[in-house]
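As structure tokens, the structure follows; a few thoughts come after it.
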Ligand SMILES: [Fe+2]
Ligand SMILES: [Fe+2]
């Protein structure tokens, strides 16, 4: 039932970015497994905190690159990050509600967003950065 499965289309070829994206996918898989297993709230909160930390680290790295290399799409890209962090924090408040509704919302707000963000928003950024930093 993996909601988010890594394949080579997600490899954007800047290792510092790819490695964070891969870790985020792994933590999401772990989170969903543990959540569906009904692990105690502290364990679930701990994984969610790890997930938020890695996601914020990824966003900060990309924003630093955009700033350093004067990426023209900086503002709209950063706005998407800010909006996502808000959506993720709203989602955390729903964790104690209905399980299948939570998983459906998580799948949409986190998994669906990440897939399209990496392929449609991060990818053009990496294309722009590649000749500059490699
Ligand atoms: Fe990213
Ligand atoms: Fe991004």
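Could you list, in sequence order, the residues of region 30-39 that are without any contact (Cβ under 8 Å) to a residue 60 or more places away in the chain, assigned to a helix (DSSP H, G or I) and surrounded by fewer than 18 Cβ atoms within 10 Å (Cβ to Cβ)?
Hits for region 30-39 are 30, 33, 34, 37.
Show the residue pairs that are 6+ apart or on different chains and have beta-carbon atoms under 8 Å apart, the first residue being within region 53-66 and free of Cβ contacts under 8 Å to residues at least 60 places away in the same chain and farther than 16 Å from residue 18 by Cβ, the second being near ligand 1 (Cβ under 10 Å from one of its atoms) and assigned to a helix (DSSP H, G or I).
So the pair list comes out as 63/77; 63/81; 66/77; 66/125.
Is it true that residue 58 is modelled with pLDDT under 95 and in contact with a helix residue (DSSP H, G or I) (Cβ under 9 Å, 6 or more places away or on another chain)?
Answer is no for this residue.
With respect to residue 50, is the statement that it is away from ligand 2 (no atom under 16 Å from the Cβ), surrounded by fewer than 18 Cβ atoms within 10 Å (Cβ to Cβ) and under 21 Å from residue 131 (Cβ atoms) true? Spell out how you get there, then give the answer.
Details: away from ligand 2 (no atom under 16 Å from the Cβ): yes; surrounded by fewer than 18 Cβ atoms within 10 Å (Cβ to Cβ): yes; under 21 Å from residue 131 (Cβ atoms): no.
So residue 50 fails the test.
Going through region 103-126 one residue at a time, which ones are without any contact (Cβ under 8 Å) to a residue 60 or more places away in the chain and more than 14 Å from ligand 1 (Cβ to nearest atom)? Lay out the reasoning, then the answer.
Within region 103-126, the first condition is being without any contact (Cβ under 8 Å) to a residue 60 or more places away in the chain, and the residues that meet it are 104-105, 108-109, 112-113, 116-117, 120-121, 124.
The answer is 104, 105, 108, 109, 112.
Name, by its number, the condition in (1) touching a residue at least 12 places away in the same chain (Cβ under 8 Å); (2) closer than 19 Å to residue 111 by Cα; (3) surrounded by fewer than 18 Cβ atoms within 10 Å (Cβ to Cβ); (4) within 16 Å of ligand 2 (Cβ to nearest atom) that does not hold for residue 88.
With respect to (1) touching a residue at least 12 places away in the same chain (Cβ under 8 Å); (2) closer than 19 Å to residue 111 by Cα; (3) surrounded by fewer than 18 Cβ atoms within 10 Å (Cβ to Cβ); (4) within 16 Å of ligand 2 (Cβ to nearest atom), residue 88 is out only on (3).
For (1) within 22 Å of residue 121 (Cβ to Cβ); (2) within 16 Å of ligand 1 (Cβ to nearest atom); (3) surrounded by fewer than 15 Cβ atoms within 10 Å (Cβ to Cβ); (4) within 13 Å of the chain's Cα centre (by Cα), each residue gets a yes or a no:
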{"position": "8", "(1), (2), (3), (4)": "yes, no, yes, no"}
{"position": "19", "(1), (2), (3), (4)": "yes, yes, yes, yes"}
{"position": "28", "(1), (2), (3), (4)": "yes, yes, no, yes"}
{"position": "46", "(1), (2), (3), (4)": "no, no, yes, no"}
{"position": "59", "(1), (2), (3), (4)": "yes, yes, no, yes"}
{"position": "62", "(1), (2), (3), (4)": "yes, yes, no, yes"}
{"position": "81", "(1), (2), (3), (4)": "yes, yes, no, yes"}
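Could you list all residues from region 90-109 that are out of contact with any helix residue (DSSP H, G or I) (no Cβ under 7 Å at 6 or more places or on another chain) and in a loop (DSSP other than H, G, I, E, B)?
The answer is 93, 96, 97, 98.
The values are calculated or read from the model by the stated rules, or taken from the named source; none is laboratory data. Predicted model only: the values in this text are computed from it and were never measured. Please note: Cβ atoms are built from the backbone with ideal geometry, for glycine as well, and neighbour counts cover all protein chains shown.
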